[in-house]
Structures are given as structure tokens and as C-alpha cells.
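Peer 1: What follows is a single structure, and I will ask about it in a moment.
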Amino acid sequence: MRQQRLSGGSGMLVSRLCLGAMSFGTTVDEQTAFQILDRFVDAGGTTIDTANCYSFWVPGSRGGESESVLGRWLASRGSHDDLVIASKVGSGLGPDGTAEGLAPQVIREQLDGTLRRLGTDRVEIYYAHREDRVTPDEQTIAAFHETVTEGKVRVLGASNHAAWRLAETRGLARARGETPYTVVQQRYSYLLPRPATTLPEGGHVHASEELLDYVRTRELTMFAYTTLLWGAYSRADKPLQEHYLHPGTDRRRGALARVASELGVTANQVVLAWLIEHDPPIVPIVGVSSVAQLDEAIGAVDLQLPAELRKVLDEAA
Ligand SMILES: NC(=O)c1ccc[n+]([C@@H]2O[C@H](COP(=O)([O-])OP(=O)(O)OC[C@H]3O[C@@H](n4cnc5c(N)ncnc54)[C@H](OP(=O)(O)O)[C@@H]3O)[C@@H](O)[C@H]2O)c1
């Protein structure tokens with residue numbers, strides 16, 4: 001599978017498709033999760049995305065299930081030196097039932113919990129899962145920097161951040177001689193929600209044009225989630241959410257159908273290929289519940305969109 005070097009000087013390589021592990025241990029059982037993980041690695045995939053809180057909202061779950069399944073799978077293969085494991089902190093439930101936030105003690109305790117569940121002494125990428133506008137940024141930045149100097153984390157990332165918050169906190173980290181975020185993870189796909197609608201999923205922040213411009217100009221690495229819109233590109237049982245229903249969506253769906261048909265591939269594959277060759281380049285994260293779904297996604301990694309078809313997709317708006 002094609003690889004991409006992370007921006008920011010770490011030299012670390014990530015696979016151009018990232019496997020989302022959010023559902024592992026909850027809606028995807030452990031045996032199926034192991035089959036999916038094995039297939040991903042067999043196909044050359046290296047980069048796997050999880051979080052401390054996955055998936056506490058599933059009835060009967062408390063969070064940590066995804067990392068625990070990953071931990072048992074990592075133990076079964078003996079080493080994770082050839083993999084890039086990304087996890088996150090900040091979106092779990094705090095003691096008062098709201099988001100746990102990014103206070104230094106939360107970062108320290110939650111990272112230790114993540115490493116314990118994964119059975120490793122390091123994660124390659126560690127994200128602030130969402131903004132915390134209450135804790136002073138200096139404290140959050142210092143705590144994240146410490147995770148790097150202690151060797152528990154290689155690279156820092158920010159997810160669900162407004163562009164200006166990303167720029168501000170990165171500037172602050174540099175001014176303090178501490179480690180800035182160099183990876184961004186935001187919601188993004190080919191279809192776009194109506195501007196100014198609020199996404200119903202708590203904490204999800206869509207990549208804005210401003211954020212994409214910042215990533216492009218300042219050479220950050222961008223990961224995108226919910227790239228397949230939960231299956232809505234191909235499945236009647238997964239209708240598009242209301243805030244995606246607008247004339248631009250009709251035009252983009254038309255363009256997708258045309259390009260998929262001309263290339264003899266699926267709409268999901270066109271979406272993933274479009275993201276991978278995006279400006280700025282994007283590493284799509286895919287959540288899958290079967291090996292067959294994963295195989296469809298893997299088939300997109302080497303798909304080159306001819307320039308004239310890319311134009312068809314870009315110009316449908
Ligand atoms: N940073 C954040 O705040 C954040 C938020 C959300 C997600 N994420 C990350 O992104 C990953 C993926 O996100 P997501 O699950 O929200 O979105 P997604 O990848 O768009 O949707 C995943 C679902 O789409 C369906 N699907 C996948 N491949 C398919 C295919 N080839 N054909 C038909 N249906 C297909 C499956 O539904 P069924 O299971 O019903 O078959 C699958 O569970 C997560 O695992 C997580 O790592 C991060």
C-alpha cells in the first residue's frame with residue numbers, strides 16, 4: 001500500500017489509508033476485528049486510528065473497548081514496531097458527565113490508560129480529540145509536550161479544532177519551545193453539508209476551506225474521518241443526513257456516478273481516491289464492519305483519477 005511521510009520533521013511514514021477501529025469491541029466483535037486488522041496489515045496498511053473513549057455511547061459499553069481489542073491483537077502478533085497507532089484524549093466523559101477536556105492530569109492519566117489497554121509503551125500519534133477552551137492552553141501544550149519528551153508519544157495531533165485555534169496553539173507551542181500539533185483530524189468527505197449547519201454528532205467538526213488552506217500552506221498532515229458517510233454513498237439503508245440534502249449534493253452525486261461508471265469502480269472508491277489525491281493530500285480513515293468492506297476501500301488506494309475526471313468531480317459544487 002502506498003505510504004506518505006508525515007509533515008513536521010518526524011520522518012514517520014503512514015499508509016495512505018488509515019483503518020478506523022472505533023467500533024472494534026462494541027458493534028464489531030473481536031473475532032471480526034482481528035480478521036479486519038489482519039487483512040489490513042496483509043495489504044500493507046500500517047496506520048490504525050482509535051481513542052480512549054471508543055465507544056462509550058454504545059449501550060453496555062464504557063469506552064476503552066476499541067483500545068483493548070487492539071491491545072489483544074497487537075499482543076497476538078508480538079510487536080507493533082511496523083505499525084502507526086493513533087489514539088486520542090479529550091472526548092471521554094469527565095466526572096460531571098461532560099467532555100473530560102485537556103487538563104494536564106487528564107492527559108497524563110488517560111495516556112497511561114491508553115498504553116495499558118494497548119499493551120504498548122508508546123503511541124505514534126496522540127491527538128487532542130476536541131478543543132478545551134477552559135483549560136489554559138499553556139497547560140495543555142506543556143502536558144502534551146511532556147508525553148513526547150517522556151517517549152510515550154512520537155507526534156502530536158489536533159482533531160475537531162477550528163483553524164484559528166490550531167494556528168494559535170501551534171504558535172504558542174513553538175514560542176514556548178514545546179512540541180506543536182503537526183497532524184490534523186477533521187470530518188471531511190466528497191459530499192459537503194450545507195454551510196452553517198451544525199453536525200448532530202457531538203464534537204464532530206467539519207474541515208472548513210480555511211482549515212484546508214492552513215494545512216496546505218503550513219504543511220501539516222491531514223486525516224479525515226466519516227469519509228464514507230457511514231455507507232450513504234452506496235446503501236439504501238444508510239440515507240444521507242438531512243443537512244447533506246441540497247442542490248450541490250445532487251450535482252456531486254451525479255459526478256460521482258459518472259466517474260465511477262467510466263472507471264468501472266464503486267462510488268466509495270472514487271471518494272477515497274479523490275481524498276487521497278486531494279490538495280492538500282488527505283489520509284482517509286475508514287470504519288468497516290467486514291473484510292469485504294475493507295477490500296473495497298483498499299481497492300481505492302492505487303486508483304489514479306485521470307485529470308479530466310478529477311476536474312469533473314472538483315467542478316461539481
Ligand atoms: N476524530 C473524531 O472525532 C472522529 C469521529 C468519528 C470517527 N473517527 C474515526 O474515523 C473512523 C471511521 O469513522 P465512521 O465510522 O464515523 O465513518 P465511516 O468510515 O464513513 O463509516 C463506517 C461505516 O460505513 C459502512 N461502510 C464502510 N465501508 C463500506 C462499504 N465498502 N460499503 C458499504 N458500507 C460501508 C459500515 O457500516 P455498517 O457497520 O453498518 O456496515 C461502516 O461501519 C472511526 O473508526 C474513527 O477511527 C474519528
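The numbers here are math on the coordinates, done by the rules we state, and not lab data. The structure displayed is predicted, hence computed values, not measured ones. In this analysis, Cβ positions are derived from the backbone assuming ideal geometry, glycine residues included, and neighbour counts consider all displayed protein chains.
Peer 1: What is the Cα radius of gyration of segment 125-201 over 2.2 N^0.38 Å, N being its residue count? Before the final figure, lay out the partial values.
Peer 2: Values: Rg = 13.9 Å, N = 77, 2.2 N^0.38 = 11.5 Å.
This ratio for segment 125-201 stands at 1.21.
Peer 1: Specify the angular offset, from 0 to 90 degrees and rounded to the nearest 10, of the alpha carbon long axis of helix 209-218 from the longest principal axis of the alpha carbons in the chain.
Peer 2: Roughly 60 degrees between the two axes.
Peer 1: Then there is this: Could you work out the per residue convex hull volume over the alpha carbons of segment 165-241, in cubic angstrom? Intermediate results must be reported in sequence, preceding the final value.
Peer 2: Details: hull volume 8.1 nm³, N = 77.
Expressed per residue, the convex hull around the Cα atoms of segment 165-241 is 105 Å³.
Peer 1: Bins of 20 Å, beginning at zero and ending with the bin holding the largest distance: percent of Cα pairs per bin for the chain, please.
Peer 2: 33, 60, 7
Peer 1: Just for the chain, what percent of DSSP beta bridges are antiparallel, to the closest 5? It would help to have the intermediate numbers written out before the result.
Peer 2: Values: 4 of 35 bridges.
For the chain, the DSSP antiparallel bridge percentage is about 10.
Peer 1: For a quick protection proxy, order the peptides 218-231, 167-180, 32-45 by their average other-Cβ count within 10 Å, most packed first.
Peer 2: Highest to lowest by the protection proxy: 218-231, 32-45, 167-180.
Peer 1: When you count, for each residue, the other Cβ atoms within 10 Å and take the mean per peptide, how do 258-271, 119-132 rank with the highest first? Intermediate results must be reported in sequence, preceding the final value.
Peer 2: Working: 258-271: 18.4, 119-132: 21.9.
So the peptides 258-271, 119-132, ranked by packing, come out 119-132, 258-271.
Peer 1: Hey, another quick one. What order, most packed first, do the peptides 66-72, 137-143, 247-253 have when packing is the mean number of other Cβ atoms within 10 Å of each residue?
Peer 2: Numbers: 66-72: 23.3, 137-143: 18.4, 247-253: 14.6.
Output ranking for 66-72, 137-143, 247-253: 66-72, 137-143, 247-253.
Peer 1: Moving to a separate point now. At a temperature of 20 °C and a viscosity of 1.002 mPa s, determine how fast segment 81-145 diffuses translationally according to Stokes-Einstein, using the Kirkwood radius over alpha-carbon pairs as Rh; express D in µm²/s, rounded to the nearest whole number.
Peer 2: Numbers: Rh = 12.3 Å.
D, rounded to a whole number, is 174 µm²/s.
Peer 1: What is the sum of charges around Ala257, taking Lys and Arg as +1, Asp and Glu as -1, for the other residues whose C-beta is under 14 Å from the C-beta of Ala257? Walk me through the numbers before you get to the answer.
Peer 2: Details: positive: Arg251, Arg252, Arg253, Arg258; negative: Asp250, Glu262.
Net local charge, Ala257 excluded: +2.
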